[in-house]
Amino acid sequence: VKKKPLVVVTRKLPDSIETRMRELFDTKLNLDDVPMTADQLAEAVRTADVLVPTVTDQITDDLLQQPDCKLKLIAHFGNGIDNINVAAAHARGITVTNTPKVLTEDTADMTMALILAVPRRLIEGASLLPGGQDWPGWSPTWMLGRRLGGKRLGIIGMGRIGQAVARRARTFGLQIHYHNRKPVAPKIADELGATYWDSLDQMLARMDIISVNCPHTPATFHLLSARRLKLIRKDAYVVNTARGEVIDEETLIKLIEAGDIAGAGLDVYEHEPLVSPKLIRLAQQGKVVLLPHMGSATIEGRVEMGEKVIINIRTFLDNHKPPDRVLPNML
Ligand code: 8YV
């Protein structure tokens, strides 16, 4: 009898997805909700036909280079694939898929939440009363933030998520500006009322709020470098729900500490899951809002991501091209 292909899942997924996977495949689940150790991951790569990793697994060239690796498909549970060496996988004939589209709207909602929360001091305000602060009552100068309406939002990366952020932000009266490798189709730019900046430097110098919505690739690592961060206005805010590595975090911190950038809303960090103690201090001072990588964290989204993973695995095992293939030249 031919052995059924083995699918190894590195993290706990929604129950309904795990049940379905068990019905469909010879599935090995990780029942402890902690990332696999390096040894466990190496073993998974050696034994599995299909690996289902998440953002917390580093799928490196070294890992795939194990001589007895028989992996054929990496069906990533996630949109961003910066944790996977796609070129190395392809060089070994391993197909890579991801889960695009189903987390676009949720991530855009969370981005908009940060765009609102940071200038309007939402978290600072919401923490005061539960924190036992003695509130003397309303005053004309109490907890003043900055108005969103009429301000310029500069979106870095105008893909699916960037456009979904633009659509939301427009209804809040923000003027939409963006930097991208190339302009979006005129119809979309019109619908969003979006102004294209070929020069990121020039855009940065003129925006009131900057939102990072591009993937992390070798080309976008520290796209917001120390030099570029210094172009940002003193009264501007930075929001990042994409990947921490796109921003030189150390410099961002220094500029906020010095009052040279007004504040930030971050869902992702350069050395995740480590969050700099300096950022924690800035959060305590109400200058930054820090979320623990929860941009796409909805029950619905996680189930839809799982369903996409299953479709990708099934089509692959049926010898068809899976719908969400990631090719090295897409990066
Ligand atoms: C996911 C993400 O939770 O999909 C992404 O790119 O950053 C997250 O929203 C994570 O990737 C799951 O692996």
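Please go through the range 70-89 and pick out each residue that is surrounded by fewer than 16 Cβ atoms within 10 Å (Cβ to Cβ) and among the hydrophobic types (A, V, I, L, M, F, W, C).
ALA87
Considering only the range 288-325, state which residues are buried (at least 20 other Cβ atoms within 10 Å of the Cβ) and away from the ligand (no atom under 16 Å from the Cβ).
If the condition is that a residue be buried (at least 20 other Cβ atoms within 10 Å of the Cβ) and away from the ligand (no atom under 16 Å from the Cβ), then VAL288, VAL289, PHE316, PRO322 are the ones that fit.
Determine if the range 123-143 includes at least one residue that is closer than 21 Å to ILE261 by Cβ, of a type in the set (Val, Ile, Thr) and surrounded by 19 or more Cβ atoms within 10 Å (Cβ to Cβ).
Within the range 123-143, not a single residue is closer than 21 Å to ILE261 by Cβ, of a type in the set (Val, Ile, Thr) and surrounded by 19 or more Cβ atoms within 10 Å (Cβ to Cβ).
Could you give every pair whose Cβ atoms fall below 8 Å, whose first residue belongs to the range 203-217 and is assigned to a loop (DSSP other than H, G, I, E, B), and whose second residue is buried (at least 22 other Cβ atoms within 10 Å of the Cβ) and polar (S, T, N, Q), counting only separations of at least 6 or pairs across chains?
Once the first residue is assigned to a loop (DSSP other than H, G, I, E, B) and sits in the range 203-217, its partners that are buried (at least 22 other Cβ atoms within 10 Å of the Cβ) and polar (S, T, N, Q) give ASN213/THR111; ASN213/THR241.
Any residue that is within 16 Å of the ligand (Cβ to nearest atom) and either assigned by TED's automatic domain parsing to the domain that holds ASP267 or of a type in the set (D, E, K, R) (or both) - is there at least one of those in the range 65-78?
No, every residue in the range 65-78 fails to be within 16 Å of the ligand (Cβ to nearest atom) and either assigned by TED's automatic domain parsing to the domain that holds ASP267 or of a type in the set (D, E, K, R) (or both).
Could you check the range 178-193 and list, in sequence order, the residues that are surrounded by fewer than 19 Cβ atoms within 10 Å (Cβ to Cβ) and outside any loop (DSSP other than H, G, I, E, B)? Can you show your working first?
First, pick out the residues of the range 178-193 that are surrounded by fewer than 19 Cβ atoms within 10 Å (Cβ to Cβ): 181-183, 185-191, 193.
Residues satisfying the conditions are PRO186, LYS187, ILE188, ALA189, ASP190, GLU191.
Output the residues belonging to the range 222-256 that are within 16 Å of the ligand (Cβ to nearest atom) and either surrounded by fewer than 20 Cβ atoms within 10 Å (Cβ to Cβ) or not aliphatic (A, V, I, L, M) (or both). Don't jump to the end; show me each part of the working.
At the first step, the residues of the range 222-256 found to be within 16 Å of the ligand (Cβ to nearest atom) are 239-247.
Answer for the range 222-256, where residues must be within 16 Å of the ligand (Cβ to nearest atom) and either surrounded by fewer than 20 Cβ atoms within 10 Å (Cβ to Cβ) or not aliphatic (A, V, I, L, M) (or both): ASN240, THR241, ARG243, GLY244, GLU245.
Just give me the residues in the range 185-225 being over 19 Å from THR171 (Cβ atoms) and β-branched (Val, Ile, Thr), in sequence order.
Hits for the range 185-225 are ILE210, VAL212, THR217, THR220.
How about the range 271-282: which of its residues are buried (at least 19 other Cβ atoms within 10 Å of the Cβ) and closer than 28 Å to ASP57 by Cβ? Let's see the steps before the verdict.
Applying the first criterion (buried (at least 19 other Cβ atoms within 10 Å of the Cβ)) to the range 271-282 yields 279, 282.
Result: LEU279, single match.
Just for the range 89-109: of the residues that are without any contact (Cβ under 8 Å) to a residue 40 or more places away in the chain and either within 13 Å of the ligand (Cβ to nearest atom) or in a helix (DSSP H, G or I) (or both), which one is nearest to VAL52 (Cα to Cα)? Working first, answer last.
Taking the range 89-109 first, the residues without any contact (Cβ under 8 Å) to a residue 40 or more places away in the chain are 89, 91-94.
Those left that are additionally either within 13 Å of the ligand (Cβ to nearest atom) or in a helix (DSSP H, G or I) (or both): 89, 91.
On the way: ALA89: 14, ALA91: 19 Å.
Per the criteria, the residue is ALA89.
Out of the range 257-270, which residues are charged (D, E, K, R) and surrounded by 19 or more Cβ atoms within 10 Å (Cβ to Cβ)? Steps first, please.
Applying the first criterion (charged (D, E, K, R)) to the range 257-270 yields 257, 260, 267, 270.
Scanning the range 257-270 gives ASP267, GLU270.
Is there any pair with a first residue in the range 277-304 that is within 23 Å of GLU105 (Cα to Cα) and at pLDDT 95 or above and a second that is aromatic (Phe, Trp, Tyr) and surrounded by 15 or more Cβ atoms within 10 Å (Cβ to Cβ) whose Cβ atoms are under 9 Å apart and which are 6 or more apart or on different chains, and what are they?
Close Cβ pairs satisfying both conditions: LEU290/TYR269; HIS293/TYR269; ARG302/PHE77.
What number of residues within the range 95-113 satisfy the criterion of being over 23 Å from ALA169 (Cα atoms) and either among the acidic types (Asp, Glu) or surrounded by fewer than 22 Cβ atoms within 10 Å (Cβ to Cβ) (or both)?
Of all residues in the range 95-113, those over 23 Å from ALA169 (Cα atoms) come to 95-99.
If we keep only those that are either among the acidic types (Asp, Glu) or surrounded by fewer than 22 Cβ atoms within 10 Å (Cβ to Cβ) (or both) too, we end up with 95.
Matching residues across the range 95-113 total 1.
Given LYS72, LYS12, which one is more than 25 Å from HIS293 (Cβ to Cβ) and out of contact with any His (no Cβ under 9 Å at 6 or more places or on another chain)? Walk me through it before giving the result.
Working: LYS12 fails: more than 25 Å from HIS293 (Cβ to Cβ).
Within the list LYS72, LYS12, the selection yields LYS72.
Would you confirm whether or not the range 121-140 contains a residue that is part of a loop (DSSP other than H, G, I, E, B) and farther than 21 Å from GLY286 by Cα?
No, there is no match, as no residue in the range 121-140 is part of a loop (DSSP other than H, G, I, E, B) and farther than 21 Å from GLY286 by Cα.
Mind checking which residues of the range 30-47 are of a type outside the set (Asp, Glu) and surrounded by fewer than 17 Cβ atoms within 10 Å (Cβ to Cβ)? I'd like the intermediate steps shown before the answer.
Start the filter on the range 30-47 by keeping residues that are of a type outside the set (Asp, Glu), which leaves 30-31, 34-38, 40-42, 44-47.
Scanning the range 30-47 gives LEU31, VAL34, THR37, ALA38, GLN40, ALA42, ARG46, THR47.
Output yes when any residue across the range 147-154 is outside any strand (DSSP E or B), in contact with a Lys or Arg (Cβ under 8 Å, 6 or more places away or on another chain) and modelled with pLDDT of 95 or more, and no when none is. First the steps, then the outcome.
Applying the first criterion (outside any strand (DSSP E or B)) to the range 147-154 yields 147-151.
After this cut, where a residue has to be in contact with a Lys or Arg (Cβ under 8 Å, 6 or more places away or on another chain) as well, the list is 148.
From what is left, the residues that are modelled with pLDDT of 95 or more are 148.
Yes.
The values are calculated or read from the model by the stated rules, or taken from the named source; none is laboratory data. No experiment lies behind these values; they were computed from the predicted model shown. In this analysis, Cβ positions are derived from the backbone assuming ideal geometry, glycine residues included, and neighbour counts consider all displayed protein chains.
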